[in-house]
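Peer 1: Below are the structure tokens for one structure; questions will follow.
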Amino acid sequence: PAASSTLLVQHLSVTYGRSVTALHDVSLRVPADGIVALLGANGAGKSTLLRAVSGTLPLHSGTVSAGSVTFGDVPLTGRTAADVVAAGVVQVPEGRRVFTGLSVADNLRAGRLGVSGLGRDDARRALAEVYDLFPVLADRRGQAAGLLSGGEQQMLAMGRALMARPRLLLLDEPSLGLAPLIVARIADVIRHIHDQGTGVLLVEQNAALALELADHAYVLDVGRVRLEGPAEELSRSDEIRRLYLGEQ
Ligand code: ATP
């Protein structure tokens, strides 16, 4: 049921150490059937938000100091990364972070670690689906991931996340550093993932791309939500055009 897989971030504050407040009173919502974009300049707190949701804030330094995160009726605040994955929320981290020494196939299999209750047949089906979606990964299944191009590594990171059968995918800068043709391919895949019924929270510096893909968007500015609204509306806003779309 749709209502049971909405991500709700409510009044979230995150601090690093004693003095850095990276997020302050941030609230946002990702409906089960939505693509939501999170925009903002460097250091605005976008990665921090994803990490607070996925349970991967740096140990001993990043702390949720107020607020809550829930996915459907499952509270995620303070849960481990493994618990969050088990709840169906899977992050594709920035910078790909594939296991460069492992083969493409083993990287994909690693996406199943800690995922229980789906069984072996499902793992085989998931692998076949990922190879369908990214034929280049099938061609290179035996190669070390470190030999892939940047775009292929991004595809591998997305494929690895899909192996866990996410209900919500957290994407951190999937277009970063990629050539336009590859970005278009990644955008198609994000649409496809969404069409298959998976919610997407998309962090992007490429605001034009994000607003094109998303239904709804939030703009973070120094740790606070500065603007939010339907993506189409935001892409017409003068402020967004000036600050994030590079127009005068
Ligand atoms: P970028 O696009 O550069 O990744 P961002 O919007 O994702 O930026 P964050 O990485 O979330 O922003 O950073 C938000 C704030 O928190 C920044 O002021 C940053 O310096 C600080 N910060 C991030 N990680 C840490 C950390 N591990 N320790 C201390 N401060 C941190």
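Peer 1: Within the stretch 229-239, does at least one residue satisfy the condition of being within 16 Å of the ligand (Cβ to nearest atom) and in contact (Cβ under 8 Å) with a residue 40 or more places away in the chain?
Peer 2: Within the stretch 229-239 (the criterion being within 16 Å of the ligand (Cβ to nearest atom) and in contact (Cβ under 8 Å) with a residue 40 or more places away in the chain), the answer is no, since none of the residues qualifies.
Peer 1: Looking at VAL20, VAL64, VAL9, can you tell me which residue is aliphatic (A, V, I, L, M) and closer than 30 Å to GLU212 by Cβ?
Peer 2: Selected residue: VAL9, the only one of VAL20, VAL64, VAL9 that is aliphatic (A, V, I, L, M) and closer than 30 Å to GLU212 by Cβ.
Peer 1: Using the structure shown, decide if ALA32 is closer than 30 Å to ARG191 by Cα and in a loop (DSSP other than H, G, I, E, B).
Peer 2: Working: closer than 30 Å to ARG191 by Cα: yes; in a loop (DSSP other than H, G, I, E, B): yes.
Here the answer is yes, as ALA32 does meet what is asked.
Peer 1: Do the conditions hold for GLY55, that is, is it free of Cβ contacts under 8 Å to residues at least 60 places away in the same chain and either aliphatic (A, V, I, L, M) or buried (at least 19 other Cβ atoms within 10 Å of the Cβ) (or both)?
Peer 2: yes
Peer 1: Being without any contact (Cβ under 8 Å) to a residue 24 or more places away in the chain and assigned to a strand (DSSP E or B) is the filter here; which residues of the stretch 6-28 pass it?
Peer 2: Residue satisfying the conditions is VAL20 alone.
Peer 1: Test of understanding: among ARG29, ARG79, which residue is among the basic types (Lys, Arg), in contact with a Leu (Cβ under 8 Å, 6 or more places away or on another chain), away from the ligand (no atom under 14 Å from the Cβ) and closer than 25 Å to GLY197 by Cα?
Peer 2: Going through ARG29, ARG79 in turn, the sole match is ARG29.
Peer 1: ALA41 - would you say it is at pLDDT below 90, out of contact with any Cys (no Cβ under 9 Å at 6 or more places or on another chain) and more than 24 Å from GLU129 (Cβ to Cβ)?
Peer 2: yes
Peer 1: Continuing with this model, one more query. Within the stretch 82-95, how many residues are more than 17 Å from LEU201 (Cα to Cα) and not charged (D, E, K, R)? Please lay out each step first, then the result.
Peer 2: To start, the set of residues in the stretch 82-95 that are more than 17 Å from LEU201 (Cα to Cα) comprises 82-83, 86.
The next check asks that each one be not charged (D, E, K, R); those that pass are 82, 86.
Residues in the stretch 82-95 being more than 17 Å from LEU201 (Cα to Cα) and not charged (D, E, K, R): 2 in total.
Peer 1: Filter the stretch 13-38 for residues that are in contact with a helix residue (DSSP H, G or I) (Cβ under 6 Å, 6 or more places away or on another chain) and modelled with pLDDT of 95 or more and give the result.
Peer 2: VAL14, ALA22, LEU23, ILE35, ALA37, LEU38
Peer 1: Okay, next question. Specify the residue that is most open to solvent (accessible area, probe 1.4 Å); the eligible residues are those in the stretch 191-205 that are farther than 13 Å from ASP172 by Cβ and outside any loop (DSSP other than H, G, I, E, B).
Peer 2: Of everything passing the filter in the stretch 191-205, ASP195 is most open to solvent (accessible area, probe 1.4 Å).
Peer 1: Taking the stretch 124-145 only, how many residues are over 15 Å from ALA164 (Cβ atoms) and among the charged types (D, E, K, R)?
Peer 2: Quick first cut of the stretch 124-145, residues over 15 Å from ALA164 (Cβ atoms) only: 128, 131-132, 134-145.
From what's left, among the charged types (D, E, K, R): 132, 139-141.
Total satisfying the criteria: 4.
The values are calculated or read from the model by the stated rules, or taken from the named source; none is laboratory data. Just so it is clear, the structure is predicted and the values come from calculations on it, not from any experiment. Virtual Cβ from ideal backbone geometry, glycine too; neighbours counted across all protein chains shown. When the accessible area is computed, the model is the full protein with side chains, heavy atoms only, and any ligands, DNA or RNA have been set aside. Shrake-Rupley method; radii C 1.70, N 1.55, O 1.52, S 1.80 Å.
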